[in-house]
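The values are calculated or read from the model by the stated rules, or taken from the named source; none is laboratory data. These figures come from a predicted structure and were not determined experimentally. Cβ: placed from backbone, ideal geometry, glycine included. Neighbour counts: every protein chain shown.
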Amino acid sequence: MAKAIPVARWAQAGLRLKVAAMLFTCALVSLGIGTLVATYFGERALRAEVADKATRTLNADMLDLERWLDRAMYDLTTLAETNVMQDVLIADGIGEIARSLAAMRTRYREFAAFVVTDETGAVIAAEGADLSLGQDLDIDHLDQSLAGLPVVGGFDAHPGLADDSFLFSVPIRAEYDQSTVIGVLSGTIGMDRLREQLARVQIGDEAQGSERALLLRNGEGRLLYRTGSEAADEIVQRLLAAVEGVAPGEALVRDQGPDLVTSAQFPAESPFAHLELQMLSGVTEQAAFGSIAQLKRTLTLTTIFLGLTMLVFGWIASRGLTDPITAMSAAMNRLSMGARNESRTPDVAELIAPSILDRKDEIGLLARSFDGLITQLAQARARLIEQSELEIAKRNMRLDAALNNMSQGLCMYGPKGELVVHNRRFEEIYGLPSGALKPGMKIAQILEVVNRAGHATEAQDADFISLLTRRDSDRETLTHLASTGDGRSVSVSCVPMPTGGWVATFEDVTQRKRDEARIEHMAHHDALTDLPNRLLFTRRIEETLAVAARGRQHAVLYLDLDHFKAVNDLHGHPTGDELLRHVGARLRGCLRPSGVVARLGGDEFAIVESDIASGEEARKLAERIIEEITRPFEIAGHQVAIGTSIGIALYPDDGGDAQTLVKAADMALYRAKADGRNGFRFFEQEMDSSMQQRRMLERDLRLALQNDEFEVHYQPIVDMATGRVSCFEALLRWTHPERGAVSPAEFIPLAEEIGLIGEIGAWVLQRACDAAAGWPAHVRIAVNLSPAQFRSQLLLDQVAQALSQAGLDPQRLELEITESVLLRQSELVLSILKQLRGMGVRVSMDDFGTGYSSLGYLRSFPFDKIKIDRSFIRDIEKSGDALSIVRAITGLGTSLGMTTTAEGVETFEQLNQLRSEGCNEVQGFYYSPAVRLDAVPALLDGIGADHHGNTSAASNSRPKRIPA
């Protein structure tokens with residue numbers, strides 16, 4: 001009876017108590033299992049972590065020992081390379097040797113003893129060792145050191161040197177030849193130094209003691225070190241017992257038993273691995289794992305506390321959960337067990353007894369709520385059906401609107417090839433009357449209707465339809481381009497449907513095809529002349545070579561119009577464009593129907609003439625083209641005269657493919673332009689070599705600035721009135737590491753051509769201003785400018801920056817230009833020149849008299865100086881014409897208030913003649929060639945030093961020459 005009471009009470013207990021009890025039981029079991037699992041695996045993980053940390057720490061200590069040994073080897077090696085060691089080897093007296101070694105031992109305190117042996121092993125000198133001079137030192141690894149290798153021996157006794165020690169030996173090399181070993185320097189590190197090093201090792205971040213011990217043994221199992229504290233004797237003995245029977249070098253990590261034991265040794269790649277040293281550490285159980293036991297106790301108490309907390313919260317939470325769950329479960333159970341008709345919503349009265357609905361408690365309330373819910377579901381179902389019917393109608397309307405407003409025609413076919421639906425756009429594409437197609441029609445019937453509308457089926461259309469109708473398992477999309485009877489193009493795409501049949505779309509692509517053809521034409525033709533462009537020209541060459549008959553030749557001509565830029569500058573670009581169209585027309589007129597002429601860009605044209613009999617035919621074609629192009633053109637009321645240069649390459653002699661032929665023709669054109677323009681040249685093999693040399697020079701020139709191969713030299717300009725240097729002209733020099741000195745006449749035009757002159761000119765300007773800033777205030781610096789530097793306003797910024805960085809007065813800077821600068825873009829050039837004058841910079845006209853020598857230039861811009869070209873000075877003594885020109889230029893400069901400077905003065909007679917003509921300044925080899933910057937002070941001191949206001953004296957004394 002007593003046993004049945006608890007069962008009865010549990011059966012009668014409420015749901016609230018059951019839920020609370022079950023929650024408590026589940027929580028308690030879960031927490032208990034979790035605690036046990038966490039404790040077990042956590043303890044294992046913590047023990048593994050502690051052991052791993054001990055291993056890492058010991059490996060780090062082993063690494064420190066390796067570094068200590070490596071430092072000792074480094075110090076000994078460094079000592080062997082010093083002059084002190086050389087002195088020891090060559091010292092005359094025993095006292096000098098002893099003093100040197102004593103000084104070495106004082107500096108390198110790690111070593112207990114030093115000994116120096118010669119190449120035979122005989123002792124030359126010793127310090128701290130009981131060895132006599134001349135004694136043979138019998139050490140095995142001395143031979144390795146004599147072979148040039150630093151060696152360290154195992155920890156052992158070395159008679160005469162030390163009892164227990166490491167012996168380091170390094171070669172001593174001859175000062176005159178590092179490959180010759182003339183002796184060996186050996187040093188020992190004794191037991192006391194080893195103990196001091198290892199006594200500092202901490203185990204687990206704490207010093208060695210009663211709970212932590214350290215051992216070091218060699219490969220023979222010999223104990224080299226143990227923790228020296230007496231308090232550590234017990235753990236040392238256990239540690240020795242733990243490693244008994246374990247071979248040195250064998251990895252060891254143990255955490256069973258009373259201690260945690262770990263070991264470490266040098267890695268195999270260590271230079272000291274051959275010493276076979278093994279370091280072992282031991283930590284007591286309490287010191288290593290004492291925190292784990294405390295953690296287990298904490299987890300157990302936490303589990304008990306959480307279990308009690310879950311019991312309280314379970315009881316409280318069950319009150320809010322059990323009542324509604326009980327009521328809802330009964331109602332849902334009865335509702336789910338009733339029979340249901342899918343065509344209507346069931347009545348609650350059929351599922352729940354009326355007595356339940358009349359109840360006043362929660363169950364009755366829930367039942368009545370379900371009654372209202374079922375009524376709402378019935379009404380919602382009716383509304384849903386009505387909305388679905390409306391939605392279907394809307395979708396049908398949208399589908400009809402989409403089909404009939406598509407830009408593409410559409411036909412949907414069933415699995416048997418019958419028409420299901422089509423849109424109006426299909427009828428519009430083929431011009432079919434409304435209602436001509438009916439659902440259910442076969443493809444053959446539809447084709448008959450289309451044919452009657454005037455769109456006959458072509459052979460390729462019939463093949464496509466046949467492929468479409470007989471395909472069964474092939475479910476890929478098919479496409480076809482059909483043509484209508486009125487010449488339009490229709491793109492047809494047939495996409496299979498998963499349920500069988502397919503959907504065919506029809507798009508009128510007539511305009512797209514026309515646009516594509518127009519784009520294709522534009523991509524391969526020049527927009528201005530409608531001639532083939534470079535891409536199409538290359539393709540035409542390839543096509544010509546592909547069908548070339550054996551023994552037949554083909555010619556590729558490259559043309560460049562001469563003086564075309566002048567036409568643009570004089571008459572404007574519209575006239576230039578019209579000229580290019582006329583040139584294209586004349587070129588077409590010079591060719592046979594099979595010939596191709598193309599415009600490659602700018603004023604460059606190219607021609608390919610196929611099947612020529614010989615090179616003579618190509619020559620005649622070139623002469624005919626030159627004759628046609630040189631005839632004046634009538635354009636917009638102007639007569640325009642130009643010329644052309646032509647390069648010719650022949651197939652197969654000059655190349656077997658398009659790229660090679662084009663390259664050869666281009667090189668021939670380059671040579672034709674270099675020979676004087678308005679002519680032609682056939683390709684020759686040496687042109688390729690010349691072009692390669694030019695490309696190599698271009699490559700070297702691009703590297704010269706960054707490799708600091710340029711240098712600025714300075715040539716003095718002497719004032720005739722004072723006889724002293726008034727200015728230096730900055731002249732660029734290039735010394736190539738392989739070519740040697742490269743002439744400015746060779747690399748300056750190339751720099752202008754490839755666009756490097758701006759960067760080089762800015763560099764020269766900055767260097768020249770920096771140099772002039774250190775000269776006397778009356779000495780100016782002259783810098784030459786290239787016409788290419790006047791193409792933009794960037795020159796003004798470069799000049800301002802150079803003056804600012806050097807701190808140079810703008811009036812001390814002279815910029816020299818030639819007449820060619822004014823010939824191009826005169827308005828821009830004059831604007832830049834005036835702005836330079838506004839900055840205070842002086843401007844000079846260089847090489848005056850060799851070009852146009854237009855007085856209009858002197859009038860349009862008031863130059864500060866005119867420089868007479870050296871060609872007139874050279875002939876001044878033997879040519880009356882040259883003297884007259886010099887006299888005229890000097891007089892012109894005097895009347896315009898401009899300084900005149902004569903270039904190229906080399907003799908005393910020339911100097912006197914120029915003085916008598918009133919020339920203000922002279923420059924030339926008579927005084928000095930261009931010199932490096934470090935020779936400038938000597939020129940400033942030497943030229944005119946004996947003048948002292950006496951012009952005659954200065955005239956009769958030749959200045960001291962300064963080497964360039």
>> Restricting to the stretch 752-794, name every residue that is on the phi < 0 side of the Ramachandran plot and at pLDDT below 85.
In response: E752, E753, I754, P787, A788, Q789, F790, R791, S792, Q793
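Name the residue that is modelled with the lowest pLDDT, counting only residues in the stretch 538-571 that are of a type in the set (D, E, K, R) and not in a helix (DSSP H, G or I).
Our first condition is that a residue be of a type in the set (D, E, K, R); within the stretch 538-571, this holds for 539-540, 542-543, 550, 552, 560, 562, 565, 569.
So of that shortlist, the ones also not in a helix (DSSP H, G or I) come out as 550, 552, 560, 562.
On the way: R550: 62, R552: 74, D560: 91, D562: 88.
Selected residue: R550.
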> Based on what the data block shows, is A721 surrounded by fewer than 20 Cβ atoms within 10 Å (Cβ to Cβ), assigned to a helix (DSSP H, G or I) and of a type in the set (A, V, I, L, M, F, W, C)?
Replying inline: no
>> Exactly one condition in (1) closer than 17 Å to V492 by Cβ; (2) touching a strand residue (DSSP E or B) at 6+ places or on another chain (Cβ under 7 Å); (3) among the aliphatic types (A, V, I, L, M) is false for V449; which is it?
In response: (2)
> What is the residue count in the stretch 523-582 for residues that are touching a Ser or Thr at 6+ places or on another chain (Cβ under 9 Å), within 22 Å of F682 (Cα to Cα) and surrounded by fewer than 18 Cβ atoms within 10 Å (Cβ to Cβ)?
Replying inline: 2
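Which residue is modelled with the lowest pLDDT, if the candidates are limited to the stretch 265-292 and must be of a type in the set (A, V, I, L, M) and in contact with an Asp or Glu (Cβ under 6 Å, 6 or more places away or on another chain)? It would help to see each step written out before you state the result.
Taking the stretch 265-292 and keeping what is of a type in the set (A, V, I, L, M), we get 268, 273, 275, 277, 279-280, 283, 287-288, 292.
From the residues that got through so far, the ones that are in contact with an Asp or Glu (Cβ under 6 Å, 6 or more places away or on another chain) too are 287, 292.
On the way: A287: 64, I292: 67.
So the residue we want is A287.
What about R586, is it part of a helix (DSSP H, G or I), modelled with pLDDT of 90 or more and either surrounded by fewer than 19 Cβ atoms within 10 Å (Cβ to Cβ) or in the same structural domain as A641 (by TED's automatic domain parsing) (or both)?
Numbers: part of a helix (DSSP H, G or I): yes; modelled with pLDDT of 90 or more: yes; either surrounded by fewer than 19 Cβ atoms within 10 Å (Cβ to Cβ) or in the same structural domain as A641 (by TED's automatic domain parsing) (or both): yes.
In short, yes.
Given the condition basic (K, R) and either modelled with pLDDT of 70 or more or more than 29 Å from R67 (Cβ to Cβ) (or both), answer yes or no: does some residue in the stretch 204-213 qualify?
So the first thing to find is which residues in the stretch 204-213 are basic (K, R), and the list is 212.
Add one more test, that the residue is either modelled with pLDDT of 70 or more or more than 29 Å from R67 (Cβ to Cβ) (or both), and what stays is 212.
Looking for residues that are basic (K, R) and either modelled with pLDDT of 70 or more or more than 29 Å from R67 (Cβ to Cβ) (or both), one finds at least one in the stretch 204-213, hence yes.
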> Can you name the number of the only condition in (1) more than 30 Å from V936 (Cα to Cα); (2) buried (at least 17 other Cβ atoms within 10 Å of the Cβ) that P716 fails?
Replying inline: (1)
> Looking at this structure, is V764 within 27 Å of L940 (Cβ to Cβ) and touching a Pro at 6+ places or on another chain (Cβ under 9 Å)?
Replying inline: no
> Of P439, P498, which residue is modelled with pLDDT of 80 or more and farther than 18 Å from G409 by Cβ?
Replying inline: P498
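Out of curiosity, is A771 in contact with a helix residue (DSSP H, G or I) (Cβ under 8 Å, 6 or more places away or on another chain), of a type in the set (G, A, S), assigned to a helix (DSSP H, G or I) and more than 14 Å from V712 (Cβ to Cβ)?
Working: in contact with a helix residue (DSSP H, G or I) (Cβ under 8 Å, 6 or more places away or on another chain): yes; of a type in the set (G, A, S): yes; assigned to a helix (DSSP H, G or I): yes; more than 14 Å from V712 (Cβ to Cβ): no.
In short, no.
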>> So, in the stretch 489-544, how many residues would count as being in the same structural domain as R581 (by TED's automatic domain parsing), in contact with a Lys or Arg (Cβ under 9 Å, 6 or more places away or on another chain) and β-branched (V, I, T)?
In response: 1
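Any chance the stretch 812-826 includes a residue that's loosely packed, with under 15 Cβ neighbours inside 10 Å, assigned to a loop (DSSP other than H, G, I, E, B) and touching a helix residue (DSSP H, G or I) at 6+ places or on another chain (Cβ under 9 Å)? Walk me through it before giving the result.
At the first step, the residues of the stretch 812-826 found to be loosely packed, with under 15 Cβ neighbours inside 10 Å are 820.
Adding the requirement that they be assigned to a loop (DSSP other than H, G, I, E, B) leaves none.
Among the residues of the stretch 812-826, not one is loosely packed, with under 15 Cβ neighbours inside 10 Å, assigned to a loop (DSSP other than H, G, I, E, B) and touching a helix residue (DSSP H, G or I) at 6+ places or on another chain (Cβ under 9 Å), which makes the answer no.
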>> Please go through (1) within 25 Å of A268 (Cα to Cα); (2) surrounded by fewer than 23 Cβ atoms within 10 Å (Cβ to Cβ); (3) not hydrophobic (A, V, I, L, M, F, W, C) for E230 and return the number of the only condition it doesn't satisfy.
In response: (1)
> Name the pairs: first residue in the stretch 514-529 and under 27 Å from G576 (Cα atoms), second residue among the aliphatic types (A, V, I, L, M) and assigned to a strand (DSSP E or B), Cβ to Cβ under 8 Å, at least 6 apart or on different chains?
Replying inline: D526/A598
> For the stretch 363-416, what are the residues that are closer than 21 Å to T499 by Cα, surrounded by 12 or more Cβ atoms within 10 Å (Cβ to Cβ) and at pLDDT 80 or above?
Replying inline: L410, C411, M412, Y413, G414
> Taking the condition buried (at least 22 other Cβ atoms within 10 Å of the Cβ) and either farther than 20 Å from T901 by Cα or in contact with an Asp or Glu (Cβ under 9 Å, 6 or more places away or on another chain) (or both), does D846 pass?
Replying inline: yes
>> Among the residues of the stretch 922-936, are any in contact with a Gly (Cβ under 7 Å, 6 or more places away or on another chain) and at pLDDT 85 or above?
In response: yes
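Only one of D654, D675 is without any contact (Cβ under 8 Å) to a residue 12 or more places away in the chain, out of contact with any Asp or Glu (no Cβ under 8 Å at 6 or more places or on another chain) and of a type in the set (D, E); which? Please lay out each step first, then the result.
Values: D654 fails: without any contact (Cβ under 8 Å) to a residue 12 or more places away in the chain.
Testing whether each residue is without any contact (Cβ under 8 Å) to a residue 12 or more places away in the chain, out of contact with any Asp or Glu (no Cβ under 8 Å at 6 or more places or on another chain) and of a type in the set (D, E) leaves just D675.
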> If W734 satisfies every condition in (1) within 19 Å of L813 (Cα to Cα); (2) buried (at least 19 other Cβ atoms within 10 Å of the Cβ) but one, which is the exception?
Replying inline: (1)
>> Just to verify a result, which residue in the stretch 132-157, among those that are farther than 22 Å from T82 by Cβ and over 60 Å from the mean Cα position of the chain (by Cα), is surrounded by the most Cβ atoms within 10 Å (Cβ to Cβ)?
In response: Q135
> Which of the residues that make up the stretch 864-919 are more than 18 Å from S726 (Cα to Cα), of a type outside the set (S, T, N, Q) and under 54 Å from the mean Cα position of the chain (by Cα)?
Replying inline: D869, R870
